[in-house]
Amino acid sequence: EISKLHERLGATIIYVTHDQTEAMTLGTRIVVMKDGVVQQVDTPQNLYNAPGNLFVAGFIGSPQMNFLDATVKVNGKDVTLQVDNYSLKLPENKAKALIDGGYDGKTVVMGIRPENVTDDATAFPESTVEAKINVYELLGAEVFLYFDVEGFNMTARVDPHTTSRTGDTVKFGLDMTKVHVFDKETELTITN
């Protein structure tokens, strides 16, 4: 009804909500605030695709973005994010931001949305993690798989025809072109 009213009136409407789904659905410009401080002002799509910091990244999107602590390893122009035993190679455009920022050897926060994690490891053979599925949740048109990687809770949004089930150990592929990297101390985005 609010959306219809806005369309009919063509007037500016300021709507306050704590429900990010409602904000994403109704808003043309969204102001994300935390403790009374503006975190980011942007379109719904830009908030989702290019969050300015860790708070915005975790607040926008359902289920929320997966976060893992990772150590940056620079080898020439190649950059990998080391999450304990897993070495995840960053694409060149994202690698450059970490090299230029002097992040070699530092701990950062890697963020990846559930739809960019697949239970088909062949899709991203250079960036895989292996984990036991804790929960399988069928939602009709999609399935959420919940698992842990080195102590970090993760969610994958996968095809409903998946054969993966609770208790299975699965090799997950991560689409590193979609990864977000945040400074561990400032929580600001290094690269989207």
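Farthest toward the positive end of the dipole of segment 115-192, out of 172, 160, 128, is the Cα of 160, where the dipole comes from beta carbon charges about the Cα centre.
Here the simple spin-label model places points 7 Å from the Cα toward Cβ, and for residue 49 and residue 64 these points are separated by 2.4 nm.
Under the convention that each Lys and Arg Cβ holds +1 and each Asp and Glu Cβ holds -1, the size of the dipole of segment 139-190 around its Cα centre is about 200 debye.
Amide H to amide H, with H built 1.01 Å from N, residue 53 comes under 5 Å of 189, counting only residues 5 or more places away or on other chains.
Distance from the alpha carbon centroid of segment 76-122 to that of segment 27-67 works out to 21 angstrom. Of the listed residues 29, 8, 113, 165, the order by accessible area with a 1.4 Å probe, largest first, is 8, 29, 165, 113. Of the residues 87, 127, the one with the largest accessible area comes first in the ranking 87, 127, computed with a 1.4 Å probe on protein heavy atoms. Bridging of residue 73 to aspartates and glutamates at a Cα separation below 20 Å is possible for 84, 92, 100, 104, 126, 150, 175, 183, 185, 187, once same-chain residues fewer than 8 apart are set aside. Relative contact order of segment 48-163, please, whole-number percent, based on alpha carbon pairs below 8 angstrom and at least 6 residues apart. Result for segment 48-163 is 23 percent.
Heavy-atom surface analysis with a 1.4 Å probe gives the chain a carbon and sulfur content of 49 percent of its accessible area. Bin width 10 Å, origin at 0, all Cα-Cα pairs of the chain: what percent of pairs per bin? With a bin width of 10 Å, the distribution comes to 9, 32, 31, 20, 7, 1.
Proximity of backbone amide H atoms, modeled 1.01 Å from N, is registered between residue 84 and 71 at under 5 Å, excluding neighbours fewer than 5 places apart on the same chain.
A simple rule links phi to the HN-Hα coupling: the Karplus curve 6.51 cos²θ - 1.76 cosθ + 1.60 with θ = phi - 60°, which for segment 172-180 gives 9, x, 10, 7, 6, 6, 9, 6, 10 Hz, with x for Gly and Pro. Remark: the residue 16-residue 137 segment gains 40.4 nm on full extension, using 0.36 nm per residue and subtracting the alpha carbon distance.
Scanning residues 5 or more positions from residue 89 or on other chains, those with amide H under 5 Å from its amide H are 81, with H placed 1.01 Å from N in the peptide plane. Only Lys, Arg, Asp and Glu carry charge here, each on its Cβ (+1 for the first two, -1 for the last two); on that basis segment 45-182 has a dipole of about 300 debye about its Cα centre. Residues of segment 28-57 with an amide N closer than 13 Å to a point placed 7 Å from the Cα of residue 2 along the Cα-to-Cβ direction: 28-31. Computed with a 1.4 Å probe on the full set of protein chains, the accessible area for residue 84 sits at about 100 Å². If you roll a 1.4 Å probe over the heavy atoms of the protein chains, what accessible area per residue do you get for the chain, in Å²? Dividing the accessible area of the chain by its residue count gives 56 Å².
Per-residue extension of 0.36 nm, minus the Cα-Cα distance of residue 38 and residue 150, leaves a gain of 37.0 nm for this segment.
The values are calculated or read from the model by the stated rules, or taken from the named source; none is laboratory data. What you see is a predicted model, and the numbers here were worked out from it, not measured in a lab. Here Cβ is always computed from backbone atoms with ideal geometry, including for glycine, and neighbour counts include all displayed protein chains. SASA here: full protein model, heavy atoms, side chains in, ligands and nucleic acids out. Shrake-Rupley method; radii C 1.70, N 1.55, O 1.52, S 1.80 Å.
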